Amino acid sequence: MSAIAYVRITAKERAAGYPSLKTQEASIREFAEKHNVKISQVFYDDPVGVLPSNKHRGDVCSQSGLFELLSQTTKDWSLVISSTLDRIKRDDTSMNAISEIESQEKRFISIHQKLTPIDEAFLILCSRKNRKVRKRRISEGLPVAERLFLGRVRGAENGYHQSGPAPYGYRRPSRRRGRPKPPLEIREDEADIVSTIFRSYLKLKSMRRVIEHLGSIGSRTRRDKEWSRAGLSWILKNETYLGRVHFGKIKAKGKHEAIISPIIFNKAQALMRKNNKRNSNYQPRGRLV
């Protein structure tokens, strides 16, 4: 896995002595070398013309570098590195570049911001040299809790569910010693109920009615309790059923089989947003507001 870099500067920033494109690039390459990460490409955005008398025009730079970067999301890189957050989180465009990057299962890191544990783990995973040796050496110097956290980060990056027990509809198969960790397996009886919950919600358009329907067919939770709105909401929002894995800010394609299709899942999300908006605007009769 490799990384790409993004640098930019406006004419106004250049006149004020802000670090040049070359200086920004040098800092990023130094950071990448320190973390043993390979920079495969650098994208630049220059000022638009020379600083003119119009002060608004003077604080604009091109957007071609950013657009070209975002068009490369299918390429074999996993990380975007910039000097500061405001380099890529621009005020002169309506595009949310960071969201675009994360939606393609990539990650953004600013070298002048404090790295989170997930950022540090991600840099380890992106390391291009002595990868196995480096992981082992770093892990050995960490407390047990942090070693476990790094292990879960790597597991999530490789598509294995990490958080708590297996979600309703799945089971964790037993792991044989010396064998690779197996992915989640589908529990057919529970998976049928998960499908029923999604289909019923889209048809009945109400969680209360879905709960009533589940009660009428004798369906209960894994702990043999009646279904609740919170339980249904958790299932309807859980992307595990799409065959995906989430751990912290890490999003990856899972090794397990999906239960729900993206079309049905997205329709359920849209209906939930619509219902939540309607409920938030509801005002009981006879009450002053």
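We did not get these values from a lab; they are worked out from the coordinates using the rules stated. Source: prediction; values computed, not measured. No Cβ is skipped: glycine too gets one built from the backbone with ideal geometry, and neighbour counts run over all protein chains shown.
Computed quantities for the displayed model
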quantity: Residue-span extension gain [E33 to M95] - 0.36 nm each, minus C-alpha spacing; calculated: 19.3 nm
quantity: Hypothetical label at I217: residues of the range 260-281 whose amide nitrogen lies under 18 Å (7 Å Cα-Cβ projection); calculated: 260-261, 264-265, 268
quantity: Where only C-alpha atoms are counted, convex hull volume of the range 185-280 per residue in Å³; calculated: 115 Å³
quantity: Cα→Cβ-extended label distance, 7 Å offset, between K237 and N276, nm; calculated: 0.6 nm
quantity: Cα-Cα P(r), the range 3-113, percent of pairs per 10 Å interval; calculated: 14, 48, 30, 8, 0
quantity: Members of K237/K277; K205/K237; K253/K274; K203/K277 lying beyond 25 Å, as alpha-carbon distances in this model show; calculated: K253/K274
quantity: Sites S2 and S163 - FRET efficiency at Förster radius 22 Å, r taken between beta-carbons, to 0.05; calculated: 0.15
